[in-house]
Amino acid sequence: MKLYILISFIFFYNFTFCQTEKLDKIIHKRIERLQNKNIDTIGAYKIHGEHLITPKCGATTAYIFWIEQTVIKIIKVNGCKISRSKKLLDKDIFEFYYSNQNSIDKETLDNFITEDGGFVSTSHHIKNSITIYDTNKTKTWEINNFYLIKNSGDYININYDKNIDLKLIQWKNLIDKKIINLFK
């Protein structure tokens, strides 16, 4: 029985790791291809874990979005396939970032802390990352969605109100909304 559990764990770990590694290579190649076309404003949004828009065939999904000739285009990438590019009707994903860039660059998401100062964590949660590639820099934000929960069981997150009001989280929510509407 112990051998069965060990083999199952190794299989799951290798499947997940290889899939994430493959996805990262695909993302990197797509971004290089866009940069070679002189596209200098690119974003990548990755969702790690189960989510409304995460496919059944993979634990991680990524969305690459960019501005091409005044139009924002977006593709979905996962372990199963790469979607055809779709157009967004407005530019608010980039407009929101650039109009709030100073705040977003300085913000940090605080841990789930209880009223008595205790730290709460879970091993099953969704993590997101947002990366912006532009001519000046590459910047990545890691977002643990567990820190955006108001309460877990009997525990209340004293950082909830601060976290939910961050411009970074407002931007993440805007991206989520656009992605859900496009990739239903």
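The values are calculated or read from the model by the stated rules, or taken from the named source; none is laboratory data. Values in this document were obtained by computation on a predicted structure and should not be read as measured data. All Cβ positions, glycine included, derive from the backbone under ideal geometry; neighbour counts span all protein chains shown. Keep in mind that these areas ignore ligands, DNA and RNA; they rest on the heavy atoms of the full protein, side chains included. Shrake-Rupley method; radii C 1.70, N 1.55, O 1.52, S 1.80 Å.
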**Prompt:** How many of the residues in segment 143-153 are under 25 Å from HIS28 (Cβ atoms) and assigned to a strand (DSSP E or B)?
**Reply:** 2
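Each row is one residue, and each column tells you yes or no for (1) closer than 22 Å to LYS167 by Cα; (2) in contact with a helix residue (DSSP H, G or I) (Cβ under 9 Å, 6 or more places away or on another chain); (3) modelled with pLDDT under 90; (4) not charged (D, E, K, R).
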position: ARG30; (1), (2), (3), (4): no, no, no, no
position: GLY49; (1), (2), (3), (4): no, yes, yes, yes
position: ILE53; (1), (2), (3), (4): no, yes, yes, yes
position: GLU95; (1), (2), (3), (4): yes, no, no, no
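Based on what the data block shows, is ILE175 part of a helix (DSSP H, G or I), at pLDDT below 90, closer than 16 Å to PHE65 by Cβ and open to solvent by less than 30 Å² (accessible area, probe 1.4 Å)? Write out each step before concluding.
On the way: part of a helix (DSSP H, G or I): yes; at pLDDT below 90: no; closer than 16 Å to PHE65 by Cβ: yes; open to solvent by less than 30 Å² (accessible area, probe 1.4 Å): yes.
Criteria not met by ILE175.
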**Asked** When the residues of segment 106-123 are filtered to those that are out of contact with any Phe, Trp or Tyr (no Cβ under 9 Å at 6 or more places or on another chain) and not β-branched (Val, Ile, Thr), which remaining residue is modelled with the highest pLDDT?
**Response** LYS106
**Request:** Filter segment 114-142 down to residues that are assigned to a loop (DSSP other than H, G, I, E, B) and open to solvent by 60 Å² or more (accessible area, probe 1.4 Å), then give me how many there are.
**Result:** 8
**Item:** Among (1) surrounded by fewer than 16 Cβ atoms within 10 Å (Cβ to Cβ); (2) touching a strand residue (DSSP E or B) at 6+ places or on another chain (Cβ under 8 Å); (3) modelled with pLDDT of 50 or more; (4) not polar (S, T, N, Q) - the single one CYS57 does not satisfy
**Value:** (3)
